[in-house]
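The values are calculated or read from the model by the stated rules, or taken from the named source; none is laboratory data. In this text the structure is predicted, and so the values were computed from the model without any measurement. Note that each Cβ is placed from the backbone with ideal geometry, even for glycine, and that neighbours are counted across all protein chains shown. We work out accessible area using only protein heavy atoms, side chains counted, and drop any ligands, DNA or RNA first. Shrake-Rupley method; radii C 1.70, N 1.55, O 1.52, S 1.80 Å.
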Amino acid sequence: MSSARPSTGAQKSAGAKTSAGTQARERIRAGSTEPTSGLAPGLVQANLIAVPADWAFDMLLFAQRNPKPCPVIDVLEPGQVESALAPGSDLRTDIPGYRLWENGSLVDEVDDASAAWSQHPDLVSFLIGCSFTFETGLLDAGIPIRHQDAGRNVPMYSTSIACQPAGRVHGNMVVSMRPIPARQVAEAVRITDRFPAVHGGPVHIGEPEQIGITDLHSPDFGDAPAIEDGDIPVFWACGVTPQLAIQASAPPFAITHSPGRMFITDAPEGNYRQ
């Protein structure tokens, strides 16, 4: 699988943004539990899925076969907690919320995963690009981000879209939804399509029931949407998808981020724009 990680030269160009990423992670490490949409604009954000080493190949293959919802931007070796995309980071503390899973069941939600991590030292961690990354580009084009304006988490939905299975891992796709004014939908598609490493363009526009969403105002994750007259619901593949796969596939243990609460890297989003 080709890597989406920036080149050495691109990493050096990240220097101007490093302080913003460090400050954001320090704020989170100090106890902030807010959703991260709009935090450290211009930097790449990432979803987390950490599984036992015995499950790592299956999870990597699942991501490779489903690059739209699971675009991998970094893989950490067993027990490693510092991402190359954020020197000095610690995956155990630098995300505003974590979910702990046992045999496919959500057993706890915590603000600090250090204790759980210490009990499972062989965890292999995957960072998956997040669509919060391209929101800066939408805003720069004058396209509103309704959940930011309303002070809410982005709405996310389980769908009827089946992902391609890999080994023991299987499940359906999760999507995030942003209401976009009808006149700006084409521009939103054009902008986001340039970011395949953070989900790229939408997977569906309008008609939520066509992808198995029966109540747009009751998302499965995040907050209810803020929709204005003239808006069209636009759906992007979401990095919460591996959490549905965890439920369906039931590995003995896993750690994920809390939906809408991401890991903030030092990588400029421009390094991932095509």
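Observations
- Within the stretch 103-121, considering residues that are under 20 Å from ALA30 (Cα atoms) and part of a strand (DSSP E or B), the one most open to solvent (accessible area, probe 1.4 Å): GLU109
- The residues on offer are VAL124, VAL154, and the sole one that is assigned to a strand (DSSP E or B) and either open to solvent by less than 10 Å² (accessible area, probe 1.4 Å) or under 22 Å from LEU48 (Cα atoms) (or both) is VAL124.
- Whichever residue in the stretch 157-197 is part of a helix (DSSP H, G or I) and of a type in the set (Val, Ile, Thr) and, among such residues, is surrounded by the most Cβ atoms within 10 Å (Cβ to Cβ): THR192
- When the stretch 22-52 is filtered for residues that are open to solvent by 50 Å² or more (accessible area, probe 1.4 Å) and either within 15 Å of the chain's Cα centre (by Cα) or under 21 Å from PRO144 (Cβ atoms) (or both), the ones remaining, listed by number, are GLU34, PRO41.
- Residue count for the stretch 127-151, restricted to those that are open to solvent by less than 30 Å² (accessible area, probe 1.4 Å) and aliphatic (A, V, I, L, M): 5.
- Scanning the stretch 59-85 for residues that are open to solvent by 10 Å² or more (accessible area, probe 1.4 Å) and of a type in the set (Asp, Glu) gives GLU77, GLU82.
- Enumeration of residues in the stretch 204-213 that are open to solvent by 30 Å² or more (accessible area, probe 1.4 Å) and out of contact with any helix residue (DSSP H, G or I) (no Cβ under 8 Å at 6 or more places or on another chain): GLU207, GLU209, GLN210, GLY212
- Residue count, the stretch 37-85 (criterion: part of a loop (DSSP other than H, G, I, E, B) and in contact with a helix residue (DSSP H, G or I) (Cβ under 6 Å, 6 or more places away or on another chain)): 10
- For the residues SER160, SER83, the requirement of being at pLDDT 95 or above and either out of contact with any Gly (no Cβ under 6 Å at 6 or more places or on another chain) or under 12 Å from HIS257 (Cα atoms) (or both) singles out SER83.
- Every test in (1) touching a residue at least 60 places away in the same chain (Cβ under 8 Å); (2) open to solvent by 10 Å² or more (accessible area, probe 1.4 Å); (3) in contact with a helix residue (DSSP H, G or I) (Cβ under 9 Å, 6 or more places away or on another chain) is passed by PHE235 save one, and that test is (2).
- Residues of the stretch 86-102 satisfying the condition of being open to solvent by less than 10 Å² (accessible area, probe 1.4 Å) and either under 17 Å from the mean Cα position of the chain (by Cα) or without any contact (Cβ under 8 Å) to a residue 40 or more places away in the chain (or both): ALA86, LEU91, ASP94, ILE95, PRO96, GLY97, TYR98
- Among residues of the stretch 214-232, those that are of a type in the set (D, E, K, R) and open to solvent by less than 30 Å² (accessible area, probe 1.4 Å), counted: 1
- Residue match in the stretch 234-243 (condition: of a type in the set (Ser, Thr, Tyr), in a helix (DSSP H, G or I) and over 14 Å from the mean Cα position of the chain (by Cα)): no
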